[in-house]
Amino acid sequence: MEVAILLYDGITALDAIGPYEVFSATMKCNVKFVGKKKGLIQMDSKMGYLHADYSFSEITSADILVVPGCSPPNYKAPMNDEETLDWIRQIHGTTKWTTSVCNGSLILSAAGLLNGASATCHWGSFDLLRSLGAIPTDERVVRHGQIVTAAGVSSGIDMALQLVAWEFGEDVGKTVQLILEYDPQPPFDTGSLKKAPASLVERVKGVLQEHS
């Protein structure tokens, strides 16, 4: 399958690399990193770069489109860039699956693809996602027709594994999970709003608001 992963300045690395590792491990996918222009794409950490091997003009279709997210307010640039939105719409017209990770669903919404659709993103952006016409859902992976959205950062791995299972069968999905040794056992149990104490949630909200 042809997989196109959108890159843009300010992107969160794991949002793109998590799905990349899953799809590439199947040995059944041709994964391409695509940007408005070829070249280095600075990550939101400011500590490194990803590389867009293809430009929009070179990739006109895909079986799977992945739109990764970013730290606030980096999503504003692609959301307000008509060339990026037009490319997303064009590719969406050819895909079997159009997907996003984290705040990438805000970009899908800006492209007009989530009007009235159930979708998810990082919990800190639920209000913004709702204002763009989507229906925020606090599930880790949400499917609405051909569109599949994943919650914050690490959930992109779960989303990609689910797509692999849908496309190639559950055995392939399980095989990829074992290849990657994806067996989350975090030292803390604060990875969602349902689990984190209220004081921690408020502290993180403050940090996010400072950078939005």
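The values are calculated or read from the model by the stated rules, or taken from the named source; none is laboratory data. Just so you know, these numbers come straight off a predicted model, no measurement behind them. Cβ: placed from backbone, ideal geometry, glycine included. Neighbour counts: every protein chain shown. For the accessible areas, the whole protein counts, side chains as well, though only heavy atoms, and no ligand, DNA or RNA atoms are used. Shrake-Rupley method; radii C 1.70, N 1.55, O 1.52, S 1.80 Å.
Before moving on, here are some points about what is shown:
- Meets criteria (closer than 23 Å to Asp63 by Cβ, buried (at least 18 other Cβ atoms within 10 Å of the Cβ), in contact with an Asp or Glu (Cβ under 8 Å, 6 or more places away or on another chain) and of a type in the set (Val, Ile, Thr)) for Thr120: yes
- Among (1) more than 17 Å from the chain's Cα centre (by Cα); (2) part of a strand (DSSP E or B) - the single one Thr98 does not satisfy: (1)
- The C-beta contact set for region 160-186 (first residue aromatic (Phe, Trp, Tyr), second residue open to solvent by 60 Å² or more (accessible area, probe 1.4 Å) and not in a helix (DSSP H, G or I), distance under 7 angstrom, 6+ apart or interchain) comprises Phe168/Lys28.
Condition check ((1) closer than 16 Å to Thr98 by Cα; (2) of a type in the set (Gly, Ala, Ser); (3) at pLDDT 95 or above) across all residues:
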| site | (1), (2), (3) |
| --- | --- |
| Tyr20 | yes, no, yes |
| Ala25 | no, yes, yes |
| Gly35 | no, yes, yes |
| Ile41 | no, no, yes |
| Met47 | no, no, no |
| Glu58 | no, no, yes |
| Ile64 | yes, no, yes |
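- Among the residues of region 78-94, just one is open to solvent by 70 Å² or more (accessible area, probe 1.4 Å), part of a helix (DSSP H, G or I) and not charged (D, E, K, R), namely Gln90.
- Tally of residues being open to solvent by 80 Å² or more (accessible area, probe 1.4 Å), farther than 19 Å from Val101 by Cα and not basic (Lys, Arg) across region 159-182: 5
- Residue match in region 183-205 (condition: open to solvent by 60 Å² or more (accessible area, probe 1.4 Å), more than 19 Å from Val3 (Cα to Cα) and within 14 Å of the chain's Cα centre (by Cα)): no
- Residue check for Ser105: of a type outside the set (A, V, I, L, M, F, W, C), in contact with a strand residue (DSSP E or B) (Cβ under 8 Å, 6 or more places away or on another chain) and in a helix (DSSP H, G or I): yes
- Residue ID - surrounded by the most Cβ atoms within 10 Å (Cβ to Cβ), chosen from residues in region 134-158 that are β-branched (Val, Ile, Thr) and in contact (Cβ under 8 Å) with a residue 60 or more places away in the chain: Ile157
- Among the conditions (1) on the phi < 0 side of the Ramachandran plot; (2) at pLDDT 95 or above, the only one that Lys205 does not satisfy is (2).
- Single unsatisfied condition, Ile59 versus (1) under 19 Å from Ala150 (Cα atoms); (2) touching a helix residue (DSSP H, G or I) at 6+ places or on another chain (Cβ under 8 Å); (3) touching a residue at least 40 places away in the same chain (Cβ under 8 Å): (1)
- Of Ser131, Ser125, Ser105, all but one fail to be under 20 Å from Pro73 (Cβ atoms), among the small types (Gly, Ala, Ser) and open to solvent by 70 Å² or more (accessible area, probe 1.4 Å); the exception is Ser131.
- Scanning region 21-65 for residues that are part of a loop (DSSP other than H, G, I, E, B), under 30 Å from Val172 (Cβ atoms), open to solvent by 30 Å² or more (accessible area, probe 1.4 Å) and in contact with a strand residue (DSSP E or B) (Cβ under 6 Å, 6 or more places away or on another chain) turns up Asp53, Asp63.
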